[in-house]
Structures are given as structure tokens and as C-alpha cells.
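Below: one structure, written as C-alpha cells.
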Amino acid sequence: MSRIGKKPIDIPKGVTVSVADGVATVQGTKGALTLKLRPEVSVAVDGGKIAVSASGEERFSRAMRGTTRAHLANMIQGVTKGYEKKLDIAGVGYEANLEGGKTLVLKLGFNKPVRFAVPATVTVECPTLTAIVVKGMDIQQVGAVAASIRKLRKPEPYKGKGIKYSDEVIKRKAGKAFASGG
């Protein structure tokens, strides 16, 4: 059984946390994030620490305490440092460009370029033609946008062509073996 929910969260300088009407708000240098709290948990802000407690000792209440604590810790990191996911594109002629900061244009071997509308909650950069960086302060939004981009052309196991996370390892398959029948 994990006891991570019992640990208090330290509030760094420059971050303000407020709890009112079942909503926790975290404000920092990069912006503000809100979290609607479940009725099974209560959040208390004491000086430089946040304490999350469960209303009862039921299994679900304890699970929500740990989940709420993890969400609040992620929100604090998001408004201070932010999150980023890096994607790599592999394949002959496969490339990515950004048009106006709002539309990602991907050439992925289809007959037309694929256009992906970037949500306002994240920023997308293309440092090279074969690299995409998704940045934002909400870890869920960054992960969802990166997964949506990857889903446009998943890496295939024979040649490794497609879009993959930069730290992802693609298991390669051998393909058809040529056998000479004599």
C-alpha cells in the first residue's frame, strides 16, 4: 500500500495555492491551473506546505487522496518549470513544419500533408524538420497532444518509419527471409 498521499507538498517561492468551494487553484510564473476536488478529500494549505487528507478510511477515499496529491504536485511543477515531450520523425521525405504557430503541417508519406491544429493550451516547436517539441504547463494536455501527433503515423516495426517519442525504443521485426531452394 502506497503512503504517498500522506506526504505534504512543499510550495516553492513565487507559487500561490488557494482552496475555495471545492476548487484548488495554483498560480505561478507560467500561469494558473485549477483542480476540482472530490468530496472524499480535503486540502489544507499551511504556510509553505499543502496537506491532503481523506474524509474516511475507505479504500476509494485513500486512493483519491493519493491521486489528488499527485495532481497538485504536478500542477506546482507545471506552473514553475513546465512540461515537454519530444517526438522524432523517421522516414524518407517525412518532415514537420509549423505554420503561424497554430498549425502543424506533417508530411508523412500520404498523398497530402496532414494538418494538425495546435490547441491554445500548449505550444509546439519544430527545431529541425524531423523533431517536434510539445511544451505546456498542464501535464495531461502535453501528453494528450503528443499522443495525438504520434497517432497520425505510428512507427512501424519493419523499417521504423513514423512518429515516435524521442526516448521510445521500437522493437524491429526481421521481415521475410529469402531462402534459395536448390
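None of the figures in this text is laboratory data; all of them are computed from the coordinates on show. Just so you know, these numbers come straight off a predicted model, no measurement behind them. Ideal geometry is used to build each Cβ from the backbone, glycine not excepted, and the neighbour counts take in all protein chains shown.
In terms of Cα to Cα distance under 19 Å, which lysines are near enough to K159, apart from those fewer than 8 places away along the same chain?
Cross-link targets: K107, K151, K171, K173, K176.
What shape does the stretch 1-143 take by its C-alpha gyration tensor, where a ≥ b ≥ c are the square roots of the eigenvalues and a/c under 1.5 counts as rounded, a/b above b/c as prolate, and the rest as oblate?
prolate
Quick one: which of 99-106, 61-68, 39-46 comes out on top by average Cβ neighbours within 10 Å, and what's the full order, highest first?
Top of the packing list down: 61-68, 39-46, 99-106.
From the backbone phi of the stretch 106-121, what are the Karplus-calculated ³J(HN,Hα) couplings (6.51 cos²θ - 1.76 cosθ + 1.60, θ = phi - 60°) in whole Hz, Gly and Pro given as x?
10, 9, 10, x, 7, 6, 10, x, 8, 9, 10, 7, 7, x, 6, 7
Within the stretch 138-182, which chymotrypsin sites (Phe, Trp or Tyr not before Pro) sit in a loop by DSSP and count at most 13 neighbouring Cβ atoms inside 10 Å?
In loop regions of the stretch 138-182 (DSSP not H, G, I, E or B), the sparsely surrounded chymotrypsin sites (Phe, Trp or Tyr not before Pro) are Y158, F178.
I'd like the Karplus ³J(HN,Hα) series for the stretch 156-164: coefficients 6.51, -1.76, 1.60, θ = phi - 60°, whole numbers in Hz, and an x wherever there's a Gly or Pro.
9, x, 8, 10, x, 6, x, 9, 9
What's the center-to-center distance, using Cα atoms, between the stretch 138-168 and the stretch 21-68 in Å?
Going from one Cα centre to the other spans 31 Å.
Which one of N111, A73, T128 has its Cα pushed farthest toward the positive end of the charge dipole of the chain, where Lys and Arg give +1 and Asp and Glu give -1 at the Cβ?
N111
Helix-derived [θ] at 222 nm for the chain: sum -39500 (n - 2.57) over DSSP H runs of at least 4, divide by residue count, nearest 500?
One gets -6500 deg cm²/dmol as the mean residue ellipticity at 222 nm.
Only Cα pairs within less than 10 Å get springs; with that Gaussian network setup on the chain, which residue of T29, T80, T130 has the largest fluctuation?
T29
Taking 7 Å along the Cα-to-C-beta vector as the label spot, tell me the A147-L98 distance in nanometres, rounded to one decimal.
Going from the A147 label point to the L98 one covers 2.3 nm.
Quick one: dipole size for the chain, taken about the Cα centre, charges +1 on Lys/Arg Cβ and -1 on Asp/Glu Cβ, in debye to the nearest 20.
So the magnitude is around 720 debye.
Provide the FRET efficiency to the nearest 0.05 for the K173-V114 pair, computing r from the beta carbons and using R0 = 30 Å.
Computed FRET efficiency for K173 and V114: 0.75.
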